[in-house]
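This report refers to the structure that appears directly beneath it.
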Amino acid sequence: MAWKPQEKERRLANMQTRTNSPLSVFSDPAAPKFTYVMIALNIVVFAACSFSPGLSSALAVSVPAVMSGKAWTIVTAMFVHGGLWHILMNMFMLYYLGAVIERIYGSVKTAVAYLLSGIASNVAYVAINAVAGSSAAAVGASGAIFGLIGVFAVLLLREMKVQRLLAVKPTWQSSSGFFTCLLVNIVISFMPGIAWQAHFGGLVAGAIIGLVLYQMATNPSRKSPR
């Protein structure tokens with residue numbers, strides 16, 4: 001399978017665009033705007049929760065919260081973080097993966113992949129905890145980020161052109177860096193107190209979405225001439 005010629009060249013050109021200043025996001029059409037907006041939103045929510053400690057608990061997702069009618073926490077929980085290290089790790093991965101995926105698929109499709117993966121991850125967390133009888137609450141963008149990992153993994157497996165897929169600045173981004181970050185996140189998933197259920201749900205959802213996005217990009221619908 002192959003990308004549409006014009007679309008392929010445009011995406012690769014976007015992937016190789018250099019961003020010299022954070023402010024260039026406002027003038028650079030290839031800048032990963034959705035990624036930047038999500039990072040900013042997460043930082044704003046983190047700051048708000050820091051000044052209002054009870055806000056984190058109110059936005060967290062758990063079986064009791066969902067069963068009591070707070071189904072919206074399935075969405076809000078992905079914007080809340082439990083501490084400085086938590087948000088730093090997640091925003092680093094979001095910037096790393098979001099920039100690559102957004103320059104390949106565009107802002108809208110990246111937004112769909114990120115948000116749907118985040119929702120799916122929290123649904124999986126609630127479902128598995130309901131079966132296990134756990135009432136533990138969870139917060140964080142990790143599930144959505146694992147969704148991006150799933151999307152990117154599909155690209156790697158299908159295209160097998162790691163260098164081209166990772167031809168995005170800053171220069172420290174590389175295939176080895178991606179796999180290092182992936183390994184770190186997988187190890188963290190099995191640490192005590194980590195919502196592995198959300199990570200698993202996000203990864204599966206991201207892989208499925210990644211397959212759909214790849215098929216849409218490589219097999220555009222064409223009308224047969226008559």
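Quick notes
- Converting phi to 3J(HN,Hα) with the Karplus coefficients 6.51, -1.76 and 1.60 and the offset θ = phi - 60°, the stretch 196-206 yields 4, 4, 5, 4, 5, x, x, 5, 5, 4, x Hz in sequence order, with x at every glycine or proline.
- Sorted ascending by nearby beta carbons within 10 Å, beginning with the fewest, ARG103, ARG158 become ARG158, ARG103.
- Overall form of the stretch 42-103 per C-alpha gyration tensor (a/c, 1.5; a/b vs b/c): oblate
- Shape of the stretch 77-163, Cα gyration tensor, a/c cut at 1.5: prolate
- Order of ILE208, ILE145, ILE101 - criterion: other Cβ atoms within 10 Å of each residue's Cβ, fewest first: ILE208, ILE101, ILE145
Bear in mind that the values in this text are calculations on the coordinates, not laboratory data. Computed from a prediction, not measured in an experiment: that's the story for all the values here. Positions of Cβ are generated from backbone atoms using ideal geometry, with glycine treated the same way; all protein chains shown enter the neighbour counts.
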